[in-house]
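Shown next, in structure tokens, is the structure this report addresses.
No lab work stands behind these numbers, since they all come straight from the coordinates. Only a predicted model underlies this, so the values are computations on that prediction, with no experimental measurement involved. A quick note on method: Cβ atoms are made from the backbone with ideal geometry, for glycine too, and the neighbour counts reach across all protein chains shown.
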Amino acid sequence: MTIIGAGLAGLQCARLLSRQGVNVLLVDRKNTLDQKIHTTGIFVRRTLVDFDIPDDCLGPAIKHVTLYSPALRPLELVSQHDEFRVGRMGQLYQRYLQQCLHSGVHWLPQTSYVSHSAANGKIRLQLSSRSITTRYLIGADGARSRVARDLKLELNREYIVGVESVFRGAVLDGPPRLLCFLDPKLAPGYIAWIAHDGEETHLGVGGYPSLFEPTVALQNFRSRVEGIIDLRKAKQIEARAGLIPVGGVLRNIANSTGLLIGDAAGAVSPLTAGGLDPCMRLSAFAASVVTEYLSTGDVEVLQAYSGELFRSRFASRLWARRIAATLRQRQLLEVGCALLRVPVFTRLAHHVFFGRGSFPDVIPRQLCLKSQELHLDPGQYHLR
Ligand SMILES: Cc1cc2nc3c(=O)[nH]c(=O)nc-3n(C[C@H](O)[C@H](O)[C@H](O)COP(=O)(O)OP(=O)(O)OC[C@H]3O[C@@H](n4cnc5c(N)ncnc54)[C@H](O)[C@@H]3O)c2cc1C
């Protein structure tokens, strides 16, 4: 089977499938995976606890968050736990690729997916360098997935755009921290951020592309935070940018020819725009479904792989996204930020930043069957 895209979703899925003995071809248009990274790489605690992310591919832990109002009034939030770590993403992608190769994945870099056709249970894939036959196709090709379009599956429709600069040598007093700035001009519908873990500093803005000019906003943001972080001696080591789908997990993400994972499936939290945890969990679910499908040949197995399974869990976050999209007045946001100082709302802010409610796990059928105490219907998948 073939996976198009070796971002976090494609790599995670390829690792898991190959460990199950599935013959996997992993294709990416990039030459090496540490190029053109388009994520800040902030991993949340739940992901760090549940998955094997190598320690040397992560920066120091962060437990402090400062939320700034449009007038730069700070609200400090501190967790008892190490909540976030910024991934050294180039290194992590390379490490996961090494693990894939070790378990037998065939790797085809610098190769683009072009098109495919399916007939008599075989899929003919047209790649930029060659054409091949494969048994099943996985689209891990990001927010604007060409594979999704060709498979006639659902497409992402709502996006925010994020741009950031990565620095070494920035000076910010105090412990490692995440600084989030609510400002409808600099980041309409989302936030501007500084993620500073003491080694690396990511300074970025995100928002609806029709409402701002991201690179100009990033420059203005840098000037605006001059009094907060000292970048005079800092060296910019990277510039990153990308689209983030925020319409929630798509419903129709699988058919008998292929399925979607990661951003291609819209698997991103509509509120926080975090997509790394969903990449890990949805890819794990996809790997279990595909392994079962390839071993049984039963297409009904694929019906379980539906975004409907997840959408109800995201209802409140989709509403929050609708509200965030309409908050364009500075005064209104300033009042909202003042309200966050009232203890009940401070707890809500705590929950948004430090809550463990990211992407649900799916308990696959095989596990349900084995689990005596769960009393689950073996015909269904369940969320945890
Ligand atoms: C600026 C920014 C900051 C972010 N920060 C965070 C964060 O801190 N924490 C968090 O949880 N989430 C964050 N996100 C979201 C998160 O990064 C994404 O949800 C996640 O990286 C998606 O991974 P993916 O593997 O699905 O897609 P991608 O990482 O986009 O990988 C897709 C891969 O497919 C390849 N590809 C595409 N088309 C083709 C083709 N036709 N042929 C061959 N290869 C192809 C690409 O080269 C790429 O390697 C951020 C997003 C952005 C844009």
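Taking the number of Cβ atoms within 10 Å of each Cβ as an exposure proxy, the fewest-first ranking of Asp197, Asp34, Asp28 is Asp34, Asp197, Asp28.
For the chain, the equivalent ellipsoid built from the Cα gyration tensor has semi-axes of 36, 23, 20 Å, listed from largest to smallest.
How many percent of Cα pairs in segment 148-207 exceed 17 Å? Kindly include the intermediate steps, with their values, before the conclusion.
On the way: 913 of 1770 pairs.
Tail of the P(r) past 17 Å holds 52 percent of the pairs.
To test your reading of the geometry: what angle, between 0 and 90 degrees and rounded to tens, separates the Cα axis of helix 276-296 from the longest principal axis of the chain? Approximately 10 degrees, to the nearest ten.
Please identify which residues in segment 192-235 have an amide N closer than 14 Å to a label point set 7 Å out from the Cα of Asp173, following the Cα→Cβ vector. Hits in segment 192-235 for Asp173 at 14 Å: 227-230. Here is the tail figure for segment 36-149: Cα pairs spaced more than 25 Å apart come to 47 percent of all pairs.
When the chain is treated as a Gaussian network with alpha carbon springs shorter than 10 Å, the biggest mean-square fluctuation among Pro109, Pro245, Pro278 belongs to Pro109. Each 10 Å bin from zero holds the following percent of Cα-Cα pairs in segment 257-330: 17, 42, 25, 11, 4, 1. Kirkwood's formula applied to the C-alpha pairs of segment 1-71 gives a hydrodynamic radius of 15.0 angstrom.
The long axis of helix 343-354 is offset from the longest Cα principal axis of the chain by roughly 40 degrees. With a Förster radius of 22 Å applied to the beta-carbon distance between Asp298 and Ser117, the computed FRET efficiency rounds to 0.40.
Expressed as a fraction of 2.2 N^0.38 Å, the rule-of-thumb size for a compact globular protein of N residues, what is the C-alpha radius of gyration of segment 56-110?
Details: Rg = 18.2 Å, N = 55, 2.2 N^0.38 = 10.1 Å.
For segment 56-110, the normalised Cα radius of gyration is 1.81.
Computed about its Cα centre, the charge dipole of the chain is approximately 620 debye, with only Lys, Arg, Asp and Glu carrying charge at their Cβ. Per-residue ellipticity at 222 nm, computed for the chain from helices alone with -39500 (n - 2.57) per DSSP H run of at least four residues, works out to -9000 deg cm²/dmol. Annotation note: GluC sites (Glu not before Pro) in segment 135-207 located in DSSP loop regions with a Cβ neighbour count of at most 14 within 10 Å are Glu199. Roughly how many Å is it from the Cα centre of segment 320-346 to that of segment 114-178, as a whole number? Between the Cα centre of segment 320-346 and that of segment 114-178, the gap is 33 Å. Highest mobility in the GNM of the chain, judged by mean-square fluctuation with C-alpha springs under 10 Å and restricted to Glu213, Glu76, Glu226, is found for Glu226.
Loop-located trypsin sites (Lys or Arg not before Pro) in segment 307-351 (DSSP state not H, G, I, E or B) with no more than 14 neighbouring Cβ atoms inside 10 Å: Arg328, Arg341. For segment 84-175, taking the reciprocal of the average inverse distance between every pair of different Cα atoms yields a Kirkwood hydrodynamic radius of 17.1 Å. Rounded to the nearest 10 degrees, the inclination of helix 89-102 to the longest alpha-carbon principal axis of the chain is 20 degrees.
Pair-distance distribution P(r) for segment 128-279, from all Cα-Cα distances in 10 Å bins starting at 0: 11, 33, 28, 18, 9, 1 percent.
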